[in-house]
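Here is the structure we will look at.
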Amino acid sequence: MIKNSKLFIFSLILILFSNANASEIEKIKIGLLIPTSNENYEFGQTIIKAVRMAMNDINSDKIEIIIKDSKKDPTTALRSSMELKQQGVNLVIGPVFYESLEYLDEIDEMIFLSLTNKTTDLPNNVISSGVNSTSQLNAIKKFLKENEIKDTIFLTPKISYEQELQRGIKKSKIKIKKNHFYDREPTKLTKQIEEITNYKIRKQNLDDEIYRVENSNEFNKEKKLQELKMNYTLGEVDFDSVIIADFEESLKSVTTSLLYSDISPTEKYFITLNQWFDKSLIQEKDIQPIYYPSINKNNFEKYKLRYQLEFNEEPNHLSLLSYDLVGLVYYLAYQNNFKFNDVKKLFKRKNSFKGKIGIFDIKNNEINHRLNFYKVENKKLIEIF
């Protein structure tokens with residue numbers, strides 16, 4: 001009897017010991033849902049390489065990455081997500097494209113950290129982790145406050161992200177005087193900017209003043225006329241800064257129209273959204289200074305250099321985001337003793353994580369970024385904060 005009891009106790013100890021070891025080596029499985037085929041294959045490979053870098057830096061055997069193809073198709077994304085679920089995955093980095101998110105709410109128990117920066121009309125189990133409009137407008141709001149800029153107008157192109165910008169304005173609580181919507185078509189754009197800036201009225205004001213002085217007996221009449229004729233318009237506009245929610249050539253078209261309407265960036269603040277350090281803006285001296293929020297450039301440059309040395313190719317900014325998201329997931333896992341029993345709770349609590357891209361703020365199933373702020377002036381990029 002005593003012998004049997006000892007054998008039972010010994011067996012129990014072995015079972016407990018084996019279970020303890022199993023729990024120690026048990027891995028958290030993270031899905032990586034990205035395009036690995038068709039026309040976006042190279043794009044997906046860049047993300048895979050960034051994730052590999054992150055895993056090497058973390059150097060932990062507690063996380064396993066399982067890669068599945070999403071293409072750029074919601075049906076493929078859903079099917080791959082189902083496969084991930086069968087493999088024990090309940091937290092996924094991806095998909096990359098907004099178009100792939102449509103059916104993911106059919107797997108409610110999984111959480112997807114999508115790389116999109118869109119935040120409107122997302123499935124309940126998808127969290128946008130891209131640099132969204134709220135994050136950008138929070139940084140602009142900080143700049144306006146620090147410089148005591150009170151009268152700001154917003155220029156929004158009539159395209160697909162109007163609703164996203166409206167949500168960002170509301171969430172950030174940025175104070176704007178008026179939001180003007182414009183067409184990107186050049187002839188319509190010029191006319192609309194003229195109306196927004198009261199160009200014709202200010203032009204007429206100048207002509208009227210020149211006529212008045214010419215027909216007056218004022219002292220220093222010739223000098224006054226000479227000064228007036230050096231101007232293009234006369235009279236102030238009702239704003240001291242303009243936020244232009246546009247990019248690349250369309251952004252340049254808007255700034256050119258503002259210049260044509262006698263609105264100068266040396267007199268009124270020209271502010272835009274994240275331009276990802278577009279080098280072509282450096283060459284556009286006429287529209288400088290121009291300001292915009294973005295990720296931490298120093299960190300981005302260091303990351304790019306390391307990536308180039310390791311893979312002999314240029315990374316994109318989404319690969320940097322992927323790198324940081326792996327670190328974020330590991331950080332949250334570490335905080336929760338590597339237990340993802342209820343993955344939804346991880347993103348409801350208020351939390352912050354410092355990555356290469358900057359600081360992630362997490363709360364109520366939303367991720368925002370604390371961005372830096374930059375100025376392009378005299379063909380140089382200058383960090384403001």
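Out of K297, K279, K229, report the one residue that is basic (K, R) and within 30 Å of L32 (Cβ to Cβ).
Answer to the selection: K297.
For residues in region 332-350 being more than 17 Å from I58 (Cα to Cα) and open to solvent by 50 Å² or more (accessible area, probe 1.4 Å), which is modelled with the lowest pLDDT?
N341
Could you tell me which of the residues E99, E83 is without any contact (Cβ under 8 Å) to a residue 40 or more places away in the chain, of a type outside the set (S, T, N, Q), closer than 23 Å to F340 by Cα and in a helix (DSSP H, G or I)?
After ruling out the rest, the residue left standing is E83.
Which one of the conditions (1) surrounded by 20 or more Cβ atoms within 10 Å (Cβ to Cβ); (2) within 30 Å of D108 (Cβ to Cβ); (3) of a type in the set (A, V, I, L, M, F, W, C) does F353 fail to meet, given that it meets all the rest?
(1)
Just to check your reading of the model, which residue among K380, K304 is under 21 Å from G130 (Cβ atoms) and either of a type in the set (D, E, K, R) or in contact with a Gly (Cβ under 8 Å, 6 or more places away or on another chain) (or both)?
K304
Assuming E249 fulfils every condition listed in (1) without any contact (Cβ under 8 Å) to a residue 24 or more places away in the chain; (2) assigned to a loop (DSSP other than H, G, I, E, B) apart from one, which condition is it?
With respect to (1) without any contact (Cβ under 8 Å) to a residue 24 or more places away in the chain; (2) assigned to a loop (DSSP other than H, G, I, E, B), E249 is out only on (2).
Which of the residues belonging to region 308-331 are hydrophobic (A, V, I, L, M, F, W, C), under 14 Å from the mean Cα position of the chain (by Cα) and open to solvent by 10 Å² or more (accessible area, probe 1.4 Å)?
L318, the sole residue that qualifies.
Could you list, in sequence order, all residues of region 59-93 that are open to solvent by 40 Å² or more (accessible area, probe 1.4 Å), of a type in the set (A, V, I, L, M) and either at pLDDT below 95 or touching a strand residue (DSSP E or B) at 6+ places or on another chain (Cβ under 7 Å) (or both)?
I65, I67
crowded, with 18+ Cβ neighbours inside 10 Å and hydroxyl-bearing (S, T, Y), is that true of T187?
no
Take region 165-192 and flag every residue that is over 20 Å from the mean Cα position of the chain (by Cα) and part of a helix (DSSP H, G or I).
P186, T187, K188, L189, T190, K191, Q192
For region 17-35, what are the residues that are modelled with pLDDT under 95 and not in a strand (DSSP E or B)?
Scanning region 17-35 gives F17, S18, N19, A20, N21, A22, S23, E24, I25, E26, K27.
If I filter region 267-274 for residues that are part of a loop (DSSP other than H, G, I, E, B), among the hydroxyl-bearing types (S, T, Y), open to solvent by 50 Å² or more (accessible area, probe 1.4 Å) and modelled with pLDDT of 95 or more, do I get at least one hit?
No, region 267-274 contains no residue that is part of a loop (DSSP other than H, G, I, E, B), among the hydroxyl-bearing types (S, T, Y), open to solvent by 50 Å² or more (accessible area, probe 1.4 Å) and modelled with pLDDT of 95 or more.
Determine whether Y303 is at pLDDT 95 or above, within 21 Å of K29 (Cα to Cα) and among the hydroxyl-bearing types (S, T, Y).
No.
Looking at region 200-230, which of its residues are open to solvent by less than 70 Å² (accessible area, probe 1.4 Å) and assigned to a loop (DSSP other than H, G, I, E, B)?
Within region 200-230, S216, E218 meet the criteria.
Regarding region 157-164, can at least one residue be identified that is assigned to a loop (DSSP other than H, G, I, E, B) and surrounded by 15 or more Cβ atoms within 10 Å (Cβ to Cβ)?
Yes, region 157-164 has at least one match.
From L346, L305, L332, L320, grab the single residue that is within 22 Å of L33 (Cβ to Cβ) and either of a type in the set (D, E, K, R) or out of contact with any strand residue (DSSP E or B) (no Cβ under 9 Å at 6 or more places or on another chain) (or both).
Of L346, L305, L332, L320, the one residue that is within 22 Å of L33 (Cβ to Cβ) and either of a type in the set (D, E, K, R) or out of contact with any strand residue (DSSP E or B) (no Cβ under 9 Å at 6 or more places or on another chain) (or both) is L320.
The values are calculated or read from the model by the stated rules, or taken from the named source; none is laboratory data. Predicted, not measured: the structure shown is a model, and the values here were computed from it. A quick note on method: Cβ atoms are made from the backbone with ideal geometry, for glycine too, and the neighbour counts reach across all protein chains shown. The protein model used for the area step is the full one, side chains on, heavy atoms only, and it has no ligands, DNA or RNA in it. Shrake-Rupley method; radii C 1.70, N 1.55, O 1.52, S 1.80 Å.
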